[in-house]
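To start, the structure itself, in structure tokens.
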Amino acid sequence: MASEKTDAPAEYPTDLHNTLSLEQTLMSMIRKGDTATLSEWAKNAPAIRGGVIAFDQLRQMKNLFIVSVTLASRAAIRGGMDADDALMLSDRYIQRCELMNTAEEITNLQFHMISDYTARVERLHIGSGPSQLIAAVSNYIQHHLSEPITTEQIATSLYISRTHLSARFHKETGTTLSDYILKEKTEEAKRLLRYTDKSLAAISAYLGFSSQSHFSRTFRKYAGITPGEYRAKHAGH
């Protein structure tokens with residue numbers, strides 16, 4: 001398979017199994033759709049070696065690519081990309097990576113993948129950037145997905161009234177805050193169902209649902225199918 005033609009830096013790290021600082025930097029760029037900063041960063045990207053997780057170097061690079069694309073897809077989802085689209089794109093990149101035979105091909109593909117996710121999120125943001133309040137609400141929810149979340153809690157954390165928050169959120173997004181919270185939990189549930197072997201009960205508890213039946217009803221409402229059906233549909237992908 002031919003190498004991707006990209007402007008990947010010569011010293012671009014061949015994995016994301018590295019310092020927390022670098023990982024957070026890249027994931028933040030993707031989540032924000034910040035292609036300008038990514039381009040500047042790429043010019044002086046540090047060469048950072050990942051921990052050895054396979055004896056064969058090529059296999060190691062492929063394994064670490066899978067880690068990086070999983071992180072990238074999650075960041076893109078948090079940046080507003082549709083979860084199914086982000087995960088489908090992730091699958092395609094993994095399939096392409098598995099067909100590659102050289103370190104250079106994988107390195108170039110990794111940079112191309114990160115740039116692709118960042119650009120897709122950027123396109124979603126153009127002309128529809130959220131206000132600081134909506135961004136703060138989204139940030140709160142993303143950091144508390146594993147807890148029960150109420151409008152009152154968010155309003156308190158932002159020092160505004162629950163009534164004002166609910167009205168502003170609905171006006172700017174066209175959806176209620178309660179709906180948005182449950183949609184975000186459903187998107188996170190999709191990722192856990194697809195990429196982990198956690199049981200439905202464990203996922204339900206992790207996401208702060210009152211019961212597994214509540215989790216299943218919520219998931220079906222927003223995903224159109226049950227959690228079990230979603231996992232079976234994507235098994236082996």
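Laboratory data are not the source of any read-out in this text; all were calculated from the coordinates shown. Worth saying up front: this structure is predicted, and the values here are computed from it rather than measured. When we count neighbours, we look across all protein chains shown, and the Cβ atoms used for this are built from the backbone with ideal geometry, even at glycine.
Tally Lys/Arg at +1 and Asp/Glu at -1 over every other residue whose Cβ is under 14 Å from the Cβ of Ser161; what's the total?
Surrounding charge for Ser161 is +1.
What whole-number value in cubic angstrom gives the convex hull volume per residue for the C-alpha atoms of segment 73-122?
It comes to 55 Å³ per residue, whole-number rounded.
In nm, what is the difference between 0.36 nm times the number of residues separating Thr163 and Arg123 and their Cα-Cα distance?
Between Thr163 and Arg123, full extension yields an extra 11.2 nm.
Taking a quarter of the surface of the convex hull around the Cα atoms of segment 20-125, what do you get in nm²?
6.4
Taking Lys233 as the anchor, which lysines have their alpha carbon closer than 21 Å to its alpha carbon, excluding any fewer than eight residues away along the same chain?
Qualifying lysines at Cα under 21 Å: Lys183, Lys185, Lys190, Lys198, Lys221.
Can you tell me the length gained on complete extension of the stretch Lys221 to Thr150, counting 0.36 nm per residue apart and subtracting the Cα distance?
23.7 nm
Karplus couplings for segment 151-163 from phi (6.51 cos²θ - 1.76 cosθ + 1.60, θ = phi - 60°), rounded to Hz, Gly and Pro as x?
Karplus-based 3J(HN,Hα) across segment 151-163 equals 4, 4, 4, 5, 4, 4, 5, 9, 6, 9, 6, 4, 4 Hz.
Name the shape class, rounded, prolate or oblate, that the alpha-carbon gyration tensor gives for segment 132-233, where a ≥ b ≥ c are the square roots of its eigenvalues, rounded holds for a/c under 1.5, and otherwise prolate holds if a/b is larger than b/c and oblate otherwise.
prolate
Suppose R0 equals 25 Å. What FRET efficiency, 1/(1 + (r/R0)^6) with r the Cβ-Cβ distance, do Tyr195 and Gln142 give to the nearest 0.05?
Here the calculated transfer efficiency is 0.90.
Local charge sum around Thr70 (other residues, Cβ-Cβ under 10 Å, Lys/Arg +1, Asp/Glu -1)?
Charge balance in the 10 Å sphere: +3.
From the backbone phi of segment 217-224, what are the Karplus-calculated ³J(HN,Hα) couplings (6.51 cos²θ - 1.76 cosθ + 1.60, θ = phi - 60°) in whole Hz, Gly and Pro given as x?
5, 5, 4, 5, 4, 9, 9, x
List the residues of segment 151-188 whose backbone N lies under 16 Å from a point placed 7 Å from the Cα of Ser210 along the Cα-to-Cβ direction.
The answer is 151-152, 178-179, 182, whose backbone nitrogens lie closer than 16 Å to the label point.
Using 7 Å Cα-to-Cβ label points, what is the Ser28/Asp56 separation (nm, one decimal)?
It is 3.8 nm.
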